[in-house]
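Structure first, commentary second.
The values are calculated or read from the model by the stated rules, or taken from the named source; none is laboratory data. All of these numbers come straight from a predicted model, not from anything done at the bench. We place every Cβ from the backbone using ideal geometry, glycine too, and count neighbours over all the protein chains shown. For accessibility, only protein heavy atoms count, side chains too; no ligands or nucleic acids. Shrake-Rupley method; radii C 1.70, N 1.55, O 1.52, S 1.80 Å.
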Amino acid sequence: MGPLYTGRPNTRMALGIPLALPTLAALTPPEHTVKIIDEEVEEVNFDEHFDLVGITAMTFKATRAYEIASEFRKRGITVVMGGIHATVCPDETLSHVDTVVIGEAEDVWPELLRDAETGVLRRVYQARELPDLKASPVPRYSSVQNDHYLFAYLQTARGCPFNCRFCSVTKVAGHVVRKKTSEQVIAEVDAVLRLNTVRPITVIDKASGQKKRLVGSIAFIDDNFAIDRKHALSVCDALSRYQEERRIAFTWYTQVNYMVGFDEEILRAMTRANCQYLFIGFENLDPEALRSMNKKMNDPERYEEAIANIHRHHMRVVFSTIIGDDHTSASSAARLESFVKRNHLVHVLLNILTPYPGTELAKEMERDGRILTKAPQLYNIRNVVFAPRGLSVTQLVDIYLSLCNSIFSYTSVFERGKGLLTPMSRFKLPLLSRPPVLFVFTYVCLVFALRRKLRWRVAARMFISAPRLLLLNGSLYALELLIASADYDDFLQSESRRIGTLKERRRPLKGLVESEIEYYAHPFDHFRGRRMACRNRTISYGAFYITHDHLDILGIEVAPVNIGRPVLLLGGTSIPISDRMGFIEHLLAAGYEVASIENPIGPPLDFYANPALDRATALRYFIEHLAKERGVATLDIVAQSYSAFETIRVLMANPSLCTLVRSIILINPPGLNENITFVRHVTRFLTRHFARGYLEALIRLLGLSSAPPRGGTPREKRAHARKEAQGISIWMAKTVINLMRTFREVQDIVTFRIKEPIKSLQNQHGYDINAFLQSDDQVVPAPITEAALKDILPPGHIRIVAGGHNDLFFQEWQRNEFIAFLKEVRSRQNSRERYSHSE
């Protein structure tokens, strides 16, 4: 971000330097020489001589801090360490350094220096009480390489009255809010701006219509800037007067609670003072999850209103959220993705729940034995360091990576941010300044692309969009949108390289399934009293069963309730295992054992083909095989489309299976339309599925569709269209190739009715039957199916989602909805069984 903003591609940049360093430098007596080194932007020269080395580090940088300490101690130099990690883990830290400072260091630093000078340095220093910020000096930013930072970090207050279970702030700063005076804040701002090495630029403030010199950016890193409303207003008024008197502007950001979004006076004061960003810990959209975090002050029902109010005042929301709590699921991730898109949130901080040392969360997980590792470098909100509940580690990582893909890609960020171009375009460049800015921006993009710091695909998008945004719109926000889109995309690529893309992570699953497919041959027997025309025929089919033992080898955790209880996935007409592979991989990655049959198809003109018997016979034999040979005691059947027929036939003919089959989910089942005929079904298939399906896919591929996209962005729409066309092609080709079988399948579809058998299976045999319908089904209309089933199935047993007839097999975007529904079905049945046992 930094080089793109400043036009300096050869400068290493960071957001800002830890405020502890310039603060302690200011507290150091003048007889001592101080040098500040930030390894984010410069190298450490271990051979340079120092009398004393002081290190500050957060938990995820503690390992590197220990390495630095070791190098200096080897050279006989005394090392002191403080900061959040040293405070909550003093014993661990003491094994790597000479002295530890616990808590805030202002009141003990002078004493520590005197002891070091006289050779009586103690092992531990800790202040008796929290320091008074009104006595805090102006941080010595003159010792900092300021041109390497986007923001100068300052602070107006410390402490937080809340007690969120995942947060470690109060372990150092306490619950009492201590404040600096407005005069102190202005003195610090003035000192920082006087040292600013960035050349000011002229901007036009649309709010006042005046030209102003933009002289820099400041971050007030308070725990909650507006927790003391009176103090916040005082600081904002002082900042406004300071800028107005000097006819300058500097942008700033800070951290607040979401309730600021409803305080019109504070929002106006912040806007007048040129605040541009509000970092807000929304944390979760689920009230139950928030209660478990002790984040009681948050109300998800009011989030959108708060965000809209903040946007209306020309400020961007930095949306911070947490996944990995006990309520995280595929469906909660889908809601989060939708929320981010709907509210045009450009800046998102996606955190994996992390039990930081010293927090209530860490203590609870320690008691429960859920901590998987204590390696400090992994405690960076990007790794799963604990055992989640309701998910495996692999599932949580997959959810995280899936959210990264949907939220942080260049296209996703850019599309969300475009909706804010009007309200955020407050500061604009004068017309004559825009071409030079465009030139420098394009130059830095080209340099980064040549150095492979920027993907060429992203660079090309920026080259195309930059002239329109920077020359025509000309706002600082337009520049920010381009840069933020590229920066978040870079983060996505980095995380994909670190973790592996979803496709790479699931590649072993495909190989596993293919290696486990076995082929079976059985003689036909009499099925429900009907005899085959050829009594010597055998039925051949392929099938597999992936157990938890297979998944353990790949590091995929299977929940105890799912062990030995596979999902038996059945495909519709002419859908082999290879075409179901994406869906199968998704189920396996979600921690489910999976079994499936490749339905017998036969040659093109097999006049003896009878799918009504072929498929049912294969299913019965395979269920018997799972029970007798593989030790399966219970299973759930997921039957897509036509496979609902063999499921119902087998269960009706074999009442004893009710103890084996726990639940049934029918996906877009036919056989419920009383008015269907052979001609109507074929006509619907050719016009709705084949012809219109291809036409809609073509429109999306050409980017001509104005309908809301299923996948979201234009790129996702095109990818969806390609897969839609692919799915239609595969199904149509196999329909034509197996013409005789297709003819008899259609004849079966228009003559066999499943409403009464479903009622019988549910009421007389006790099966738990459910329906998963797709509203855009081109072959089996969802409204007709829903109308036929709603009087038969209990409430909650029917789920309708967007999508077409075969989308679960050929599309990824709605499989999470099915996983969530499957989890509900199993949970409901488990609860019912526990209740029965208690009775």
- Item | Sequence ranges 441-451, 266-276, ranked by mean other-Cβ count within 10 angstrom, highest first | 266-276, 441-451
- Peptide ranges 539-545, 240-246 listed from the most packed, as the mean C-beta count within 10 angstrom indicates: 539-545, 240-246
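Using a 1.4 Å probe over the heavy atoms of the protein chains, calculate the carbon and sulfur portion of the accessible area of the chain as a whole percent.
Numbers: 19560 of 36100 Å².
Carbon with sulfur: 54 percent of the solvent-accessible area.
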- Query: How many angstrom lie between the C-alpha centres of the stretch 650-681 and the stretch 399-460?
  - Reply: 52
- Out of I483, I381, A612 - ranked by how far each Cα lies towards the positive end of the dipole of the chain, with unit charges on the beta-carbon of charged residues - the top one is A612
- The distance between the Cα centres of the stretch 189-206 and the stretch 472-496, in whole Å, is 23
- Query: What trypsin sites (Lys or Arg not before Pro) does the stretch 65-96 have in DSSP loop regions with at most 15 other beta carbons within 10 Å?
  - Reply: R75
- Query: Considering amide H positions built from the backbone, and no H for Pro or chain starts, which residues 5 or more places from I539, or on another chain, come under 5 Å of its amide H?
  - Reply: H522, F524
- Please give the helix 303-312 orientation as an angle from the longest Cα principal axis of the chain, in degrees from 0 to 90, rounded to the nearest 10. 50
- Alpha carbons only, please: Rg and Dmax for the stretch 353-415, in angstrom. 14.1, 45
- Flagged links, alpha-carbon separation over 27 Å, of K211/K341; K295/K374; K171/K296; K179/K295; K179/K296; K628/K755: K211/K341; K628/K755
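Before anything else, pin down the relative contact order of the stretch 86-223: Cα pairs under 8 Å, at least 6 apart, normalised by residue count, whole percent.
Relative contact order here is 23 percent.
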- Message: Explain nothing, just the number: relative contact order of the stretch 242-287, from Cα pairs under 8 Å at least 6 residues apart, as a whole percent.
- Response: 47
- Note on the structure: Dividing the mean separation of Cα pairs under 8 Å (6+ apart) by the residue count of the chain yields a relative contact order in percent of 8
- In degrees from 0 to 90, rounded to the nearest 10, what is the angle of the helix 692-701 Cα long axis to the longest principal axis of the chain? 20
- Item | Nonlocal amide H pairs with L372, under 5 Å, H built at 1.01 Å | F386, A387
- Query: Can you list the residues, at least 5 places off or on another chain, whose amide H is less than 5 Å from the amide H of G564, using H built in the peptide plane?
  - Reply: H548
- Item | the stretch 766-790-the stretch 540-599 distance, computed between alpha-carbon centres (Å) | 23
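Semi-axes of the equivalent ellipsoid for the stretch 79-178, please: Cα gyration tensor eigenvalues, times 5, square-rooted, ordered largest first, whole Å.
Ellipsoid half-lengths, sorted descending, are 23, 20, 15 Å.
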- Item | Debye log10 I(q)/I(0) at q = 0.10, 0.12, 0.20 Å⁻¹ for the stretch 1-160, Cα point scatterers | -0.38, -0.55, -1.50
- Highest mean packing first, using Cβ neighbours within 10 angstrom, the peptides 224-235, 658-669 sort as 658-669, 224-235
- Rg from C-alpha atoms of the chain, normalised by the globular rule of thumb 2.2 N^0.38 Å, equals 1.13
- Mean accessible area per residue over the stretch 294-345 (1.4 angstrom probe, all protein chains present, square angstrom) is 38
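So what is the calculated 222 nm ellipticity per residue for the chain, using -39500 (n - 2.57) for each DSSP H run with n of 4 or more, over all residues, to the nearest 500 deg cm²/dmol?
After summing the helix terms and dividing by residue count, I get -13500 deg cm²/dmol.
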- Note on the structure: In degrees, nearest 10, the alpha-carbon axis of helix 502-516 is tilted away from the dominant principal axis of the alpha carbons of the chain by 30
- May I ask you to list the GluC sites (Glu not before Pro) in the stretch 350-423 that are in a DSSP loop and have at most 16 other Cβ atoms within 10 Å of their Cβ? none
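Suppose we keep just the DSSP beta bridges with both residues in the chain; what percent of those would be antiparallel, to 5?
Details: 23 of 82 bridges.
Counting only bridges with both partners in the chain, antiparallel ones make up about 30 percent.
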- Calculated from backbone phi, Karplus (6.51, -1.76, 1.60) coupling profile of the stretch 198-213 in Hz, x at Gly/Pro: 7, 5, x, 10, 8, 10, 9, 8, 4, 5, 10, x, 9, 7, 9, 8
